[in-house]
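These notes are about the structure you will find just below.
Computed from the coordinates by the stated procedures, all read-outs in this text should not be read as laboratory data. Every value quoted in this text rests on a predicted model; they were computed, and no experiment measured them. Quick reminder, even Gly has a Cβ in these numbers, built from the backbone with ideal geometry, and neighbours come from all protein chains shown.
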Amino acid sequence: MAKVFPGRFTAQCEEPFVVFLIGMRVNRVYDLRWLRVARAMPPMIAELKRTPALGLLNAEFFLYWRGVAVVQYWRSFELLHAYAHAREANHLPAWAEFNRRVGTDGSVGIWHETYIVAQGQFESIYANMPRFGLAGAVNHVSVTGRLDSARGRIGKSQ
């Protein structure tokens, strides 16, 4: 079980980073090909965690009605893009299999969104939580002083 940090914490990062949201939606519940699609992501995340130089900082899985999503934090867009196109990595075979087995038949939907976050253009708060999300990717610091408000955390005057 992850260690819970009592109190209020925030994430601090002095560099730009990338937030990558990726997921799938089950459009036809009884068409079990979605199981194979869902099983494709964990090996990719494991591969990325084994090799930090690939650029993944952290990943969190979420379930939602009819689907699953992963919020990923990356060191840069260039590293994310390089992984997506690396012939020796797990992504391209999984993408090819999706296109071969599902393609455009509508049984399973997939999506992603990419956000490049500039230094100082984010804020976060975690109360009584383990290191999670962005705080699991970058510095996890106690909320004190100017960090006590959202405006202070994002660098705006009170």
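Treating only the Cβ of Lys, Arg, Asp and Glu as charged (+1, +1, -1, -1), what charge dipole size does region 74-137 show about its Cα centre? Round to the nearest 20 debye. Kindly include the intermediate steps, with their values, before the conclusion.
On the way: 5 positive and 6 negative charges, 30 e Å.
It works out to roughly 140 debye.
For n ≥ 4 DSSP H runs only, could you compute -39500 (n - 2.57) per run for the chain, divide by its residues and tell me the 222 nm figure to the nearest 500? If you can, show how the numbers build up before the last one.
Working: 5 runs with 40 residues, N = 158.
Calculated from helices alone, the mean residue ellipticity at 222 nm is -7000 deg cm²/dmol.
Just need the Rg to Rh number for the chain, please, alpha carbons only, Kirkwood Rh. Intermediate values should be presented prior to the final figure.
Numbers: Rg = 17.8 Å, Rh = 17.3 Å.
On the Cα set of the chain, Rg over Rh gives 1.03.
Given points 7 Å out from each Cα along the Cα-Cβ axis, report the Ser142 to Lys156 separation in nanometres with one decimal.
2.7
Which residue fluctuates the most in the chain, going by a Gaussian network model with Cα springs under 10 Å, if the choices are Leu32, Leu79, Leu54?
Answer for the Gaussian network model of the chain: Leu32.
If you take the charge dipole of the chain about its Cα centre, with +1 on Lys and Arg Cβ and -1 on Asp and Glu Cβ, which of Gly67, Asn139, Pro42 is farthest toward its positive end?
Working it through, the farthest residue towards the positive pole turns out to be Gly67.
If contacts are Cα pairs under 8 angstrom and at least 6 residues apart, what is the relative contact order of region 1-149 in percent?
Numbers: 239 pairs, mean separation 70.4, N = 149.
Once divided by the residue count of region 1-149, the mean separation gives 47 percent.
Answer with one residue from Leu21, Leu54, Gly109: the one whose Cα lies farthest towards the positive end of the charge dipole of region 17-117, charges on Cβ with Lys, Arg +1 and Asp, Glu -1.
Farthest towards the positive pole: Gly109.
Between Ala82 and Phe62, take the C-beta separation as r, use R0 = 30 Å, and let me know the FRET efficiency to the nearest 0.05.
Values: r = 25 Å, r/R0 = 0.84.
Approximately 0.75, to the nearest 0.05.
Using the crude model of +1 on Lys and Arg Cβ and -1 on Asp and Glu Cβ, and no other charge, please compute the dipole size for the chain relative to its Cα centre, in debye to 20. Walk me through the numbers on the way to the answer.
Values: 19 positive and 12 negative charges, 76 e Å.
Its charge dipole is roughly 360 debye.
Order the peptides 116-126, 65-75 from the highest to the lowest mean number of other Cβ atoms within 10 Å of their residues. Walk me through the numbers before you get to the answer.
Values: 116-126: 14.9, 65-75: 17.8.
Going by the mean number of other Cβ atoms within 10 Å, highest first, we get 65-75, 116-126.
Under a crude label model (7 Å from the Cα following the beta-carbon direction), how far is Leu92 from Lys49 in nanometres?
Spacing of the two 7 Å Cα→Cβ label points: 2.6 nm.
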